[in-house]
Amino acid sequence: MSELDTLIQLLAKLPGLGPRSARRAALHLIRRRESLLEPLATALAKAAEAVRPCLICSNLDTIQPCGICRDPQRDGTAICVVEDLADLWALERTGAFRGRYVLGGTLSALDGIGPDDLNIQRLVDRLKPGQELILALNATVEGQTTAHYIADRVASSGVKVSRLAQGVPIGGELDYLDDGTLTAALRARRSL
Ligand SMILES: [Zn+2]
């Protein structure tokens, strides 16, 4: 198989790319050898060598522990549980959370993912009384099952457990919300 075929096959494995878009991406890269293909090859090699999951929180970084875990400005008493790295990045973009994280994944009977696969014991060991554990898991069945499981596991550890609010999005109109979201918003109402 030629180098070009190998490149196309590998690109086709990327999320969102099929064989056709992989061929277009490969052509695009080869036509921009100096401005794109070579810098990308260098960046990939460097990332493969240097980027590793943090042993404390599983965030990806080139240092161990990661920049978030070792930042003394961050609040060590608040730990946010997220499903994956994209969720961590989403929360970081807001700038609203200045605590630390743990990446967990979710329990899924369908995919055979149980508590041992998620390393929940490592999270439990890390908690100290008085800390707050924020469960920022997706509002899916798996996310909520995992949230309940973690809440049960840490119930006796003296930490305050909270989860993200569910309800009306910023700029949202009630008439356009689905019934589940509107019901959750009504149940989670709070006094002004
Ligand atoms: Zn970390």
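The values are calculated or read from the model by the stated rules, or taken from the named source; none is laboratory data. Computed from a predicted structure; not experimentally measured. As a convention, Cβ positions derive from the backbone with ideal geometry for all residues, glycine included, and neighbour counts pool all protein chains shown. Calculation scope for accessible area: heavy atoms of the full protein, side chains included, ligands and nucleic acids excluded. Shrake-Rupley method; radii C 1.70, N 1.55, O 1.52, S 1.80 Å.
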Looking at residue 143, is it more than 19 Å from residue 65 (Cα to Cα) and more than 19 Å from the chain's Cα centre (by Cα)?
no
Candidates 55, 27, 60 - the one that is aliphatic (A, V, I, L, M) and more than 16 Å from the ligand (Cβ to nearest atom):
27
If you check every pair at least six apart or on different chains, which have Cβ atoms under 6 Å apart with a residue in segment 1-15 that is in a helix (DSSP H, G or I) first and a residue that is open to solvent by 100 Å² or more (accessible area, probe 1.4 Å) second?
8/23
If I go through segment 15-44 residue by residue, how many of them are hydrophobic (A, V, I, L, M, F, W, C), within 27 Å of residue 66 (Cβ to Cβ) and modelled with pLDDT under 95?
0
Just checking, which of 70, 31 is open to solvent by 80 Å² or more (accessible area, probe 1.4 Å), closer than 29 Å to residue 11 by Cβ and among the basic types (Lys, Arg)?
31
For the condition of a type outside the set (Val, Ile, Thr), under 28 Å from residue 110 (Cβ atoms) and surrounded by fewer than 14 Cβ atoms within 10 Å (Cβ to Cβ), what is the one hit in 184, 165?
165
Being in a helix (DSSP H, G or I), modelled with pLDDT under 95 and open to solvent by 30 Å² or more (accessible area, probe 1.4 Å) narrows it down to one of 86, 47, so name that one.
86
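Yes/no matrix, rows are residues, columns are (1) under 11 Å from the mean Cα position of the chain (by Cα); (2) of a type in the set (Lys, Arg):
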{"residue": "54", "(1), (2)": "no, no"}
{"residue": "63", "(1), (2)": "no, no"}
{"residue": "70", "(1), (2)": "no, yes"}
{"residue": "75", "(1), (2)": "no, no"}
{"residue": "79", "(1), (2)": "no, no"}
{"residue": "83", "(1), (2)": "yes, no"}
{"residue": "90", "(1), (2)": "yes, no"}
{"residue": "94", "(1), (2)": "no, no"}
{"residue": "99", "(1), (2)": "no, no"}
For segment 16-39, which residues satisfy the criterion of being assigned to a helix (DSSP H, G or I) and touching a helix residue (DSSP H, G or I) at 6+ places or on another chain (Cβ under 7 Å)?
22, 23, 25, 26, 29, 30, 36, 37
Out of (1) touching a residue at least 24 places away in the same chain (Cβ under 8 Å); (2) more than 16 Å from the ligand (Cβ to nearest atom), what's the single condition that is false for residue 93?
(1)
Only one residue in 93, 52 is of a type outside the set (Asp, Glu), within 30 Å of residue 3 (Cβ to Cβ) and surrounded by fewer than 19 Cβ atoms within 10 Å (Cβ to Cβ), so which one is that?
52
For segment 96-112: of the residues being over 14 Å from residue 57 (Cα atoms) and open to solvent by less than 50 Å² (accessible area, probe 1.4 Å), which is farthest from the ligand (Cβ to nearest atom)?
108
Within segment 55-67, work out how many residues are of a type in the set (Ser, Thr, Tyr) and exposed (fewer than 12 other Cβ atoms within 10 Å of the Cβ).
0
Of the residues that sit in segment 113-130 and are touching a residue at least 24 places away in the same chain (Cβ under 8 Å) and over 18 Å from the mean Cα position of the chain (by Cα), which one is surrounded by the most Cβ atoms within 10 Å (Cβ to Cβ)?
127
Selection status of residue 69, in a loop (DSSP other than H, G, I, E, B), at negative phi and without any contact (Cβ under 8 Å) to a residue 60 or more places away in the chain:
no
